[in-house]
Amino acid sequence: MGAITTFLTSILLTTTTITTTTAIATQNTTTTTTTFPNTLNITTLTAHNNHSVLECWALQPGYAQTTEPGVAGNAILNLGPIANNASNILIPPSYDGGQHNAPALQWVIFLSGLAHITLPHSDDEAWVSGGKDGMILALDTEDVSTDGHATTYPSGEVTFAVEVPLREVPGHTVLHAGACGVGEMGV
């Protein structure tokens with residue numbers, strides 16, 4: 001059996017080094033050092049002065065080393081307490097979701113497709129491609145934003161999304177106004 005190699009591309013500027021030990025079926029032990037990011041940067045739809053805004057957030061307290069069986073020794077980040085059932089949404093190609101508020105505090109995880117988010121009171125926008133950087137926080141509910149945001153799905157493919165409602169806003173630090181840039185996103 002060959003050596004186990006772990007590839008992780010980190011596009012964040014700050015990183016944490018975690019050393020893991022992996023036992024191979026032949027009872028040989030291999031130690032690898034993998035660099036994980038300190039935290040997850042995420043594009044967030046939130047609100048100020050009753051208007052939806054986009055911000056780039058760094059989640060806090062950041063990644064820690066897990067002892068969870070099956071992934072022990074790897075990085076884990078708490079995404080916040082879940083409020084209700086998660087849902088899988090199938091959105092047809094070229095769909096216009098119109099202007100709306102987030103129905104609840106929620107993670108929206110785009111597994112495929114493309115979402116274009118615009119704001120009625122700003123030129124800010126976010127283009128969210130499904131996949132590893134396809135996660136946003138949608139927090140602009142009716143109680144904090146009068147007009148919400150608009151979302152279109154301009155790709156020629158079905159967009160698969162998962163909505164995960166939250167009981168509370170996760171701990172975070174605001175990095176800047178506007179969506180996170182490609183070099184700031186995820187892992």
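The values are calculated or read from the model by the stated rules, or taken from the named source; none is laboratory data. Not measured: the values here are computed from a predicted model. Positions of Cβ are backbone-derived with ideal geometry, glycine not excepted, and every protein chain shown enters the neighbour counts. These area figures cover heavy atoms from the full protein model, side chains too; ligands, DNA and RNA do not enter into them. Shrake-Rupley method; radii C 1.70, N 1.55, O 1.52, S 1.80 Å.
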* Ignoring ligands, DNA and RNA, how do H116, H100, H48 rank by accessible area with a 1.4 Å probe, largest first? -> H48, H100, H116
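Provide the FRET efficiency to the nearest 0.05 for the Y95-V182 pair, computing r from the beta carbons and using R0 = 35 Å.
Values: r = 24 Å, r/R0 = 0.69.
The calculated FRET efficiency here is 0.90.
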* **Amide H within-cut-off set for L114, under 5 Å, with H built and near neighbours excluded** => G130, S155
* Asked: Residues with amide H under 5 Å of T35's amide H, sequence separation 5 or more or different chain, H placed in the peptide plane at 1.01 Å from N; which?
  -> none
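Let me know the shape class of the stretch 107-184, please: from the alpha-carbon gyration tensor, a ≥ b ≥ c as square roots of the eigenvalues, rounded when a/c is under 1.5, otherwise prolate if a/b is greater than b/c, or oblate.
rounded
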* Structure fact -> Across 5 Å bins beginning at 0, the whole-percent shares of Cα-Cα pair distances in the stretch 41-177 come to 2, 10, 18, 22, 22, 14, 7, 4, 2, 0
* Provide the per-residue ³J(HN,Hα) series for the stretch 173-185, in order, calculated from phi with Karplus coefficients 6.51, -1.76, 1.60 and θ = phi - 60°, each as a whole number of Hz, with x at glycine and proline positions. => 10, 6, 7, 5, 5, x, 5, 5, x, 3, x, 9, 7
* Asked: Using modelled amide H (1.01 Å from N, peptide plane; none on Pro or chain starts), what sits under 5 Å from the amide H of G73, excluding residues fewer than 5 places away?
  -> T66, T67, E68
